[in-house]
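The values are calculated or read from the model by the stated rules, or taken from the named source; none is laboratory data. Everything numeric here is computed off the predicted structure, so don't read it as measured data. Don't worry about glycine lacking a Cβ; one is built from the backbone with ideal geometry, like all the others, and counts go over all protein chains shown. The accessibility values were calculated without ligands, DNA or RNA, using every heavy atom of the protein model including side chains. Shrake-Rupley method; radii C 1.70, N 1.55, O 1.52, S 1.80 Å.
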Amino acid sequence: MKHGFIKIASATPIINLADCSYNTSKILNLVTQASESGIHLLVLPELCVTGCTCGDLFYQQSLLEKTRESVLKIAKETPKNMVLVFGAPLEVNSKIYDCSFVSCAGKLLAVVPKATKTSRHFTSAPEEDLQIQIGDFSVPFSKSILFSCNQVSSFIFGCDLDSPLSENAFSLTENGATIIARPASSPSRAGELTTLTSMLNAETSRLKCCTIYSSCGDGESTTDLVYTGYSIISENGKCLTSISENEDEVIITEADTQALVHDRRRENLEEIREGVQIISFDLEMGETELTRHVSTSPFLSEDPTERDKECSEILALQARALRRRFEHTKSKTAILGISGGLDSTLALLATVEAFEKMGMSKKNIFGISMPCFGTTQRTKSNAQALTESLGCSFAEINITEAVRAHFRDIQQSETDYNTTFENAQARERTQVLMDLANKYNGLVIGTGDLSELALGWATYNGDHMAMYGVNAGVPKTVARSVVSYYATYLASQETASTLQSILDTPISPELIPGKQETENIVGPYELHDFFIYHTLRFGSSPSKTYRLALHAFDGEYSSETIAFWLKTFIRRFFSQQYKRSCMPDGPKVLELSLSPRGAWQMPSDSSSTVWLKELEDYLAE
């Protein structure tokens, strides 16, 4: 359960209608299976002890008494390493209620009646909280109960038998529940799984929670309806796993309760902790083995159709933002440094889209190639071919002599490939672009991306600076996807060919003669973008980010490689904040932004000691 990962499960026993003894044995078989799999929280369907289609048999005293016996047996045989939620009818004060029972470590913890009346056989939950006796157990009887794990502060759950986004669900989550257990009795219909999944995704997105939905299945009456046992687990707007025919099968995943708490903090959602009872329970601690899918490219959908849609939207947002800036400044031209690399390519594509929307001539977009010591023929050729194929103006300004003159002024050796050697070129290029913008009443369009901003991989007051940073909200891996999308769907054959050549070119600053690949220096961008996403989006600790990366990139990177580049990321992210503190304007197009103007506020002199120590301690365990 370290890092807030709670192993959760949903299951539907195959029952015999109204045969409590048989159903109890099937339930306990599932409980044993779940316990052996390390499940922390198992949710079974509504009324699973009897079946949900008993009709007027629910009034029969024999069935009600046998149900009580079965509830006690199940509770007493619930193991100490898990919490169980299961459904059954219960007679209280001569009224019959549709209830969820919660048990752990051989004890019945509480009974949660259904809040609203949905059947003539059952009474809606009483407004007042009761204390009832079931066998040896005196337990709370209330619709408003939270169950809190003593070992993991973020593991708090409640039971709700009503429809998703019910009033009771709102109450449970605003009082601190990160997980909602939903025992249900939904009949199966064509398309119903899709509908239910959408409803639960809406609930978990709105309430910042995880919902475990478990519905009745085989063994129920088919007189009028069919039950196949829907099981759905949704977290924060996304379905983690689902199944439409759950027959004596436990579906398992992990809830990230720590991430849910982080989102609530980020949105400043208050926890009122009023009007609910809180029942604490103990579970055996251990590190939860991860089985849930963790994407290696978390910024974009893994579904190709959805990814294409997202790429289209990102490019459109960049163009819209740039269009607004041109309209406001009444600028006539766009000035871009075109290197033949990925970032300047995306910036140029966004500028072209903006100019087309504004009805301005693309000849007023100036792509400036500024070769120097490390520029290769391939990138220079790609820069010219791309600019001209898009109908923009291209110019080459060789800055070699200007940089050499500057080297003489500051007594920098041309054979000493130090930081000064590299940065002098970047700053000379920025000076050229800025002066051209002044000359032609234009804006210098920045090309630096979100990944470079996070790592500080930019020359201060060089490529770090622009009049508008159109790529500021786009991580490197996303930039690659957007350029690929443009090449596939929007580009002419000539442009697409050049774009593919750019995509196939290793990322390089080309500041030193010879081969200079960025990812050999700062690390693979797919790892860094993964680190950025989980560190900033969910506030994940370094050890949790490392653990998630191990799981996501299993077989692609060794544990040593991931640890090495994660340490690099932490050091650079903290030490380079001063560059982000004065970064130019640029649009936020995804969930994250590093703009100091509200999106990401961090002192430039913050220390990374705590983060590095936390990771080192975890690696040493």
- prompt: Leaving out same-chain residues fewer than 8 places away, which aspartates and glutamates sit with a Cα under 20 Å from that of Lys332?
  reply: Glu353, Glu356, Glu388, Asp435, Asp585
- request: Return the percentage of antiparallel bridges among DSSP beta bridges fully within the stretch 179-328, rounded to the nearest 5 %.
  value: 60
Whole-number Å³ per residue for the convex hull built on Cα positions in the stretch 475-522: 84
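Compute the Rg to Rh ratio over the stretch 257-331 from the alpha carbon atoms, using the Kirkwood formula for Rh, and round to two decimal places.
Working: Rg = 21.8 Å, Rh = 18.0 Å.
That ratio is 1.21, to two decimals.
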query: If you count the DSSP beta bridges with both ends in the chain, what percent of them are antiparallel, to the nearest 5?
result: 55
- line: Taking Rh as the Kirkwood radius computed over alpha-carbon pairs of the stretch 179-327 and applying Stokes-Einstein at 25 °C with viscosity 0.890 mPa s, one gets a diffusion coefficient in µm² s⁻¹ of 132
task: Using 0.36 nm per residue of separation minus the Cα-Cα distance, give me the extension gain between Asp303 and Glu287 in nm, one decimal.
output: 2.7 nm
- request: Give the span of the stretch 558-621's Cα atoms along each principal axis, as three whole-Å numbers ordered largest to smallest.
  value: 42, 25, 15
message: Which three extents, in angstrom, do the Cα atoms of the chain have along their principal axes, listed largest first?
response: 98, 51, 41
Distance (nanometres) between label positions extended 7 Å along Cα→Cβ at His121 and His551: 3.9
message: Expected output is a single nm value to one decimal: the length gained when fully extending between Ser312 and Phe564, i.e. 0.36 nm times separation in residues minus the C-alpha distance. What is it?
response: 87.3 nm
task: Keeping all protein chains in place, calculate the accessible area per residue for the stretch 89-138 (probe 1.4 angstrom), answer in Å².
output: 45
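Mind checking the dipole of the chain: about its Cα centre, +1 per Lys or Arg Cβ, -1 per Asp or Glu Cβ, Debye to the nearest 20? All intermediate terms of the calculation are to be shown ahead of the outcome.
Values: 56 positive and 77 negative charges, 388 e Å.
Rounded to the nearest 20 debye, it is 1860 debye.
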message: Using 10 Å bins from zero, what percent of all Cα-Cα pairs in the stretch 130-193 falls into each bin?
response: 19, 37, 32, 10, 1
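Sort the following peptides by mean Cβ neighbour count (other Cβ atoms within 10 Å, averaged over residues), highest first: 325-335, 78-88.
Ranking, from highest mean packing down: 78-88, 325-335.
Determine the equivalent ellipsoid of the stretch 544-586 by diagonalising the alpha-carbon gyration tensor, then write out the semi-axes as square roots of 5 times the eigenvalues, largest first, rounded to whole Å.
Working: eigenvalues 157, 26, 12 Å².
Here the semi-axes work out to 28, 11, 8 Å.
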message: Distance between the C-alpha centers of the stretch 232-266 and the stretch 427-501? Whole Å please.
response: 38
- line: Restricting to lysines and to Cα separations under 25 Å from Lys238, and discarding same-chain partners fewer than 8 apart, the set is Lys2, Lys7, Lys208, Lys309, Lys476, Lys544, Lys588
field: Rounded to whole Å, sorted largest first: equivalent-ellipsoid semi-axes of the stretch 50-145, Cα gyration tensor
entry: 21, 16, 12
- prompt: Around Ile96, which amide H atoms from residues at least 5 apart in sequence, or from another chain, sit under 5 Å from its own amide H, with H modelled in the peptide plane?
  reply: Thr123
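Over the stretch 431-471, what percent of the accessible surface lies on carbon and sulfur atoms, probe 1.4 Å? Please report the intermediate quantities before stating the final value.
Details: 690 of 1410 Å².
Carbon with sulfur: 49 percent of the solvent-accessible area.
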statement: Residue by residue through the stretch 316-321, the couplings from Karplus 6.51 cos²θ - 1.76 cosθ + 1.60 with θ = phi - 60°, in Hz, x for Gly and Pro, are 5, 5, 4, 5, 5, 5
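When every alpha-carbon pair in the stretch 12-62 is counted, what percent end up more than 11 Å apart?
The answer is 69 percent, as a whole percent.
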task: Using a 1.4 angstrom probe, figure out how much accessible area the stretch 511-559 has per residue, in square angstrom, rounded to the nearest whole.
output: 34
query: Mind checking the log10 I(q)/I(0) for the stretch 416-535 at q = 0.19 Å⁻¹? Debye, one equal scatterer per Cα, no solvent, two decimals.
result: -1.24
query: Just the C-alpha atoms of the stretch 329-437: what Rg/Rh do they give, with Rh taken as the Kirkwood radius?
result: 1.03
message: Let me check against my output: what whole-number percent is the relative contact order of the chain, with C-alpha pairs under 8 Å and at least 6 apart?
response: 11
query: Based on the Kirkwood radius over alpha-carbon pairs, what value in µm²/s does the Stokes-Einstein equation return for the translational diffusion coefficient of the stretch 471-621 at 20 °C and 1.002 mPa s?
result: 123
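Using the heavy atoms of the protein chains and a 1.4 angstrom probe, tell me the accessible area per residue for the stretch 321-471 in square angstrom.
On the way: 6260 Å² over 151 residues.
Ligands and nucleic acids excluded, the figure is 41 Å² per residue.
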field: Partners for Lys117 among lysines (Cα-Cα distance below 17 Å; same-chain residues under 8 apart left out)
entry: Lys95, Lys143
